[in-house]
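Inspection log for the structure reproduced underneath, given as structure tokens.
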Amino acid sequence: MVSAATEVPSELTAELKTSDRRLSAVWVWRIVFLVVFLAAWQLAAGRLLDLFWTSSPIAIVETLWNWIVSGLLFRHLAVTFEETIIGFLIGTFLGIAAAFVVGQSELLREALDPFFTAIYGLPKIALAPLFIMWFGIGMLPKIVLAAVSVFFLVFFNTLSGVRQTDQAMVDALRLMGASRTDILKKVVLPSSLPWIFLGLKLGLPYGFVGAVAAEMMASNQGIGFLTQSSAGQFDTSGVFAALLALMIVTTALNEALSKLERWAFRWK
Amino acid sequence: MATSSPYLKQSSAKAASLITFSGVRKSFTVRGRTTDVIEQFDLGIRDGEFICVVGPSGSGKSTILNMVAGLLPPSKGVVSYDGQVVNSVNTAVSYLTQHDTLLPWRTVADNIALPLEIKRVPKAQRLQSVQAMIETVGLSGFAKHYPSQLSGGMRKRVMLARMLVQDPATILMDEPFGPLDAQLKLALQAELLRLWTVTHKTILFVTHDIVEAITLADRVVVFSARPSRVKFVENISIPRPRDVHEVRFLKGFEEHYRRLQDAIDINA
């Protein structure tokens, strides 16, 4: 938190330039790795590897392109996306709220701890059959599973943030005559924000896992369904295309979250 | 309000005391081991009086301030403020702690505005007070900076501004000018004396610096080493208004200095 001079000296700009150069070198290597990997796969496909099992990059892109043109990809992606985001938002909101409530009292925290830990330790996917049984094969069980997966990660991270709030800052506000709400809003929330973000970043992929896994078990739409139905038809290219699409979406969402995080912590 | 001139020779304060420590003891228990920090402390501080506390590290000087603020209860005895026993947070006092309690996610201006926000002061009035206070502590041009962009001395000044903007009846200060350079230290001492002369706040000021104590105080209280008790109380006879640059050359300064130096010497 220390450092950062008020004016920018010339050494700093020089340093920035060096780090720019390093960054472009990193990108060059990334592209090299990708190209080498794809070229090796393409060349091996049909020669060293059986096309039936491994497909080939060109065949995957072809499948993906057909799906894009027919609108199939977008339709399924939109479903998964919607389930994940709604579940993510619900899980996040409940996780933060629960952590703030439990964080108010050490007694409450200790009393509830074994229950939370027990449920947290359960693989969330194991809950999918239960939610499908309860909520059918529509979007609801996927949303619930995504929410549950996100909830615990956000809850535990936020709770440790709340508990690490600097007591001296809280005391300073109490002496100013601050109410409980003032302290929560002005100290506890902003100081737990880094932990909340950690929870969000960890939680987002698990939200996807929850939604996609539930789709694979019982569904007629979504990326999980697309993967499952392609696999059912032994369409290897289809399976890979669906996974690729999912990868692109999760990466984009993670990137958006990082952007939001950088904005929220511009004071650091 | 104390109308008697604070620089007249004082007898021990009795009924007129604003802050009273009677029979105060404090011990801390850490991992089953009890350490006596304060063995015995009795003192009355009159309304409008300027008291400096000096003594070796760990002799419980900050503990005294924490008790007046109501952040720490005495193990035995009573601390009272304005006739009331202090048993919870005392919002009549404003406390400049040694610990940095600025909120790192708020700019300088927003940090100084914090106590006014808590008191629900209208925004226009808030901005005006904050701007004036920024100038008083010499931080013009830094209003939009975050604490992490400031030096230790500047952060101290922001804390000072945040305290003064509350216009409290009583000020507690724990080595506030410790990390500042000599020039700035004198400037802020002068500013503090000026404010005190105008407003006649009661000030309880902890310092390591005997010269500072003589410059500022009506009475200097010397703590012994732990477990501490009041070893010595020196009434400062130097007339007011005092010029912080000149005090050390005035008649009587040397005697005060020698007596305090002897008292503070642990080997004596």
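Values quoted throughout were computed directly from the atomic coordinates according to the rules given, and no laboratory measurement underlies them. Everything numeric in this text was worked out from a predicted model, so none of it was measured. Neighbour counts are summed over all protein chains in view; Cβ atoms, including those assigned to glycine, are modelled from backbone coordinates with ideal geometry.
The dipole here belongs to the range B:142-265: it is taken about the Cα centre, uses +1 on the Cβ of Lys and Arg and -1 on the Cβ of Asp and Glu, and is about 320 debye. Per-residue extension of 0.36 nm, minus the Cα-Cα distance of A:Tyr120 and A:Leu23, leaves a gain of 31.1 nm for this segment.
When both bridge partners sit in the protein assembly as shown, DSSP labels roughly 50% of those beta bridges antiparallel. Only Cα pairs under 8 Å and 6+ residues apart enter the sum, and on that basis the relative contact order of chain B stands at 25 percent.
Taking one equal scatterer on every alpha-carbon of the range A:55-264, how large is log10 of I(q)/I(0) by Debye at q = 0.09, 0.12, 0.15 1/Å? Scattering profile of the range A:55-264, log10 relative to I(0): -0.44, -0.69, -0.94.
Taking 0.36 nm per residue of sequence separation and removing the Cα-Cα distance, the B:Ala16/B:Ala190 pair yields an extension gain of 59.9 nm. Averaged across orientations, what area in nm² does the convex hull of the alpha carbons in the protein assembly as shown project? Convex hull of Cα atoms, orientation-averaged projection: 34.6 nm². DSSP beta bridges confined to chain B are antiparallel in about 55 percent of cases.
Working from Cα pairs under 8 Å separated by at least six residues, relative contact order for chain A is 24 percent. The residue among A:Trp29, A:Ala97, A:Val162 whose Cα reaches farthest toward the positive pole of the charge dipole of chain A, with charges on the beta-carbon of Lys, Arg, Asp and Glu, is A:Val162. Students often get this wrong, so check it: of B:Lys119/B:Lys144; A:Lys142/A:Lys201; A:Lys185/B:Lys119; A:Lys201/B:Lys156; B:Lys123/B:Lys144, which have C-alpha atoms separated by over 25 Å? In this structure, A:Lys201/B:Lys156 lie more than 25 Å apart at Cα. Taking every alpha-carbon pair under 8 Å whose residues sit at least 6 apart, the range A:106-236 reaches a relative contact order of 31 percent. For the range B:144-163, backbone nitrogen atoms closer than 16 Å to the point 7 Å from B:Val198 Cα along Cα-to-C-beta are found at B:161-163.
As a footprinting exposure proxy, order B:Thr63, B:Thr202 by other Cβ within 10 Å, with the fewest listed first.
Working: B:Thr63 20, B:Thr202 25.
By the 10 Å Cβ count, ascending: B:Thr63, B:Thr202.
Modelled this way, with points 7 Å down the Cα-to-C-beta line, the labels at B:Thr91 and A:Glu255 are 5.0 nm from one another. Between A:Val61 and B:Ser148, the simple label model (points 7 Å from Cα in the Cβ direction) yields a spacing of 4.2 nm. Straight Cα distances below 13 angstrom link B:Lys61 to the aspartates and glutamates B:Glu39, B:Asp174, B:Glu175, with same-chain residues fewer than 8 positions distant left out. When the helix-only estimate is applied to chain B (DSSP H runs of n ≥ 4, each -39,500 (n - 2.57), divided by the residue count), what is the mean residue ellipticity at 222 nm, nearest 500 deg cm²/dmol? The helix-only estimate for chain B comes to -9500 deg cm²/dmol at 222 nm. Here the gap between B:Asp100 and B:Lys76, fully extended at 0.36 nm per residue and compared with their Cα-Cα distance, gives a gain of 5.7 nm. In this calculation the C-beta distance from A:Leu130 to B:Leu250 is compared with R0 = 60 Å, giving a FRET efficiency of 0.10. For the range B:46-146, applying the loop criterion from DSSP together with a ceiling of 10 other beta carbons within 10 Å to the trypsin sites (Lys or Arg not before Pro) yields B:Arg120, B:Lys144. Stokes-Einstein diffusion of the range A:52-170 at 37 °C, 0.692 mPa s viscosity, Kirkwood radius from Cα pairs, rounded to a whole number: 191 µm²/s. Only helices enter the 222 nm calculation for chain A: every DSSP H run of n ≥ 4 contributes -39,500 (n - 2.57), and dividing by all residues gives -27000 deg cm²/dmol, rounded to 500.
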